[in-house]
Amino acid sequence: MANEYSIKDIKVMEGLEAVRARPGMYIGSTGSRGLHHMLWEIVDNAVDEAANGYADRISVTLNNDLSVTVEDNGRGIPVGIHEKLGISGVEVVYTHLHAGGKFGDSSYNYSGGLHGVGASVVNALSEHVTVEVFVNGKAYRQEFHSYEDENGKVISGAPVAPLKETGRTRLHGTRVTFLPDKRVFETLDINFDTVAKRLRELAYLNKDVLFIFEDDRASEPKKREYKYEGGICDFVKELNNDKTPLYAEPVYISGEKDGIKVELALQHNDGYTESVFSYVNNIPTTEGGTHETGFKSALTKVMNDYCRRVGVLKDKDNSLSGEDYREGLTAVLSVKMKNVQFEGQTKTRLGNTEARICVEAVTLDRLTHFVEDLKNADTAMKMADKAVKAAKVKEAARKAKTMAREKNKLDNAPLVGKLSSCTGRDTSINELFIVEGDSAGGSAKQGRDRRFQAILPLRGKPLNVEKKRLDQVIANEEFRSIITALGAGIGNEFAPESLKYNKVIILSDADQDGAHIRAILLTFFYRYMKQLILDGHVYIGLPPLYKIQKGSDVKYAYSDEELTRITKGMKGYVLQRYKGLGEMNPEQLWETTMNPENRTLVRVNIDDAADVERLVTVLMGDKVGPRKEYISDHANFNKQDAFAKKIGAEVGGNG
Ligand code: 1YM
């Protein structure tokens, strides 16, 4: 296709070409993640507009032709002509890689993404992009496309024509439609749940903004709307939904200092777990960072001062620790700032020192005011009481822990409890199978490759850890044998470098009990060895559901769909449904579930800690209603285990 426009913009096109040449550098990957990243870049621009107070409605539509439309009701991308470049603001934003430091009045850029280059990156990696701007009663439109020139070279993101006024309108805002280029991406399949989950999270983090999500790709369109008037308070309430809060309304504080905006909502429940979810510029900081540190030290200080002032702590008493004040705490901390520095293994830890100073100062000031306000006396006292109890229990726990350690020293033999260790010493390849039931454990022990596979059978259901304290967990024999087998300690003392296995594989039956056991084990790892999951060591083994035998030919099916596929047109076969691992003989168990060549493992990864937390609560909390529902919905797992899928696990061939 001829293109009259791009000639004078050769330099610009070269910029976008660089994006084409190395898409990974700009959006991380050309797989599913990268594809979703494209959407987030455009959504970020709309969210910025809302965060600056100009928009309160953002919609995302997945269209039937696999293009995506994002729209906001803000000011609209500037349509005026850029002084130096001689092209419209819209065109600058969509073709100039470094149209960073914004065009109009330079306000915040909260988007954590590509700092203003996002739109041009999306354009560079799209087959076509249409930008529509509605402002001052007028509608404008510009299209961009990628095409092959005479030499077969792909020119990407080229304007088809300059921005054009197309008519009158009563709307205001920006509408962007883009079709990701199938020559760039391995898949164009945007995941409904991923988008819904993220938009919901954004709705919590940007209160009063309405997010509308429509999926028009299927024959039955789906639609979701999210809007939270309570913002992160609603988020905290939702996280505590299945628990028993100690006071009805979350504590909410907010403030701004040195250009950093801080928002915090917290509410204690009667459980023992600390769940702090922090964000910077709407991006989850799973690994925490300076802002969390600032919050935690301020909370400890404010509460210790309060406890002394009201006499909960006497002069002779030691101050309580931060952990005590955070027992049963659910909190959401959201910080908005410029020049964000991410650190850590997964680049999800905030590194900026000024964030610690600012969050600490704002929290100290506002939270002190809160607890000193007489109308909050009840809440403040409940927080204090909870911490005092926690401190008392901790002392008992400390003793129990020492005892457990002493006991482990005594038991310090290669054989830990019922563990059948492997013979090889290479911890980088060794695998530990945690197997439901003694009989399956026996088959696994006989069927395994003993050079690198160790077996730990579990008798019955392990203790439900949700409602237990660390000392009670350690006192439980099943968990103690897991802790000892892994050899890396527990809780704050977990030492990944001492880990004895590279893969920890949970093997349980494909029924409700199996799902429950799996959930309990994952909860245990999540609570007490989170690093094990973060480092990708935890897997779920998938045993087959059916054996299909015809003569000497044996096949296995891991889901009902697979069974249908295998048996289609097949005659005279014998079908066996495995009700449990115990029904398989050692050879079959090896062949189908343990042999790295054939098996399917699901790696458990914490993509969204908030989700696990919620899920875990539903499964483990004391409200039986939601739990039953969940288990019967999901216990029957298909090829991808529904539970694992829910917590963001990915299915991998043999891991
Ligand atoms: C559906 C995507 O891009 N909305 C959007 C983008 C911008 C503005 C408003 C905007 C920003 C500013 C001034 C400013 C952008 N403008 C620019 C740039 N929605 C979507 N809505 N006026 C309008 O930040 O100063 C980049 S993005 F650079 F032109 F200002």
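The values are calculated or read from the model by the stated rules, or taken from the named source; none is laboratory data. These numbers were taken from a predicted model, which means no experiment stands behind them. Counting neighbours? That spans all protein chains shown, and the Cβs are built from the backbone with ideal geometry, glycine included. These accessible areas exclude ligands, DNA and RNA; they are computed on the full protein's heavy atoms, side chains included. Shrake-Rupley method; radii C 1.70, N 1.55, O 1.52, S 1.80 Å.
List of remarks:
- Cα gyration tensor, the range 312-402 - rounded (a/c under 1.5), prolate or oblate: oblate
- Grouping the Cα pair distances of the range 435-588 into 5 Å bins from zero gives a pair-distance distribution of 2, 8, 16, 19, 17, 14, 10, 6, 4, 3, 1, 0 percent in increasing distance order.
- Under 12 Å, Cβ to Cβ, from Ala361 - net charge with Lys/Arg +1 and Asp/Glu -1: -1
- Residue ranges 148-154, 244-250, 519-525 sort as 519-525, 244-250, 148-154 when ordered by packing (mean number of other C-beta atoms within 10 Å per residue, highest first).
- Shape class of the range 131-194 from the Cα gyration tensor (axes a ≥ b ≥ c, square roots of the eigenvalues): oblate, since a/c reaches 1.5 or more and a/b does not exceed b/c.
- Links that overshoot a 27 Å alpha carbon limit, given the list Lys555/Lys579; Lys237/Lys296; Lys399/Lys467; Lys223/Lys243: Lys223/Lys243
- Pairwise centroid distance, computed over Cα atoms, of the range 428-475 with the range 291-357, Å: 37
- Cross-link partners of Lys375 among aspartates and glutamates (Cα-Cα below 20 Å; sequence separation of 8 or more within a chain): Glu249, Asp305, Asp365, Asp385
- ³J(HN,Hα), Karplus 6.51/-1.76/1.60, whole Hz, each residue of the range 249-261, x for Gly, Pro: 9, x, 7, 10, 9, 8, x, 9, 8, 6, x, 10, 9
- Surface share of carbon and sulfur [accessible, 1.4 angstrom probe, percent] for the range 537-577: 51
- Cα centroid separation - the range 519-583 against the range 195-245, whole Å: 34
- The residues of the range 469-600 have, on average, 41 Å² of accessible surface per residue, using a 1.4 Å probe with all protein chains present.
- For the range 130-217, the solvent-accessible area of protein heavy atoms averages 46 Å² per residue (probe radius 1.4 Å; ligands and nucleic acids excluded).
- Ligands, DNA and RNA left out, the 1.4 Å accessible surface of the range 165-215 is 44% carbon and sulfur atoms.
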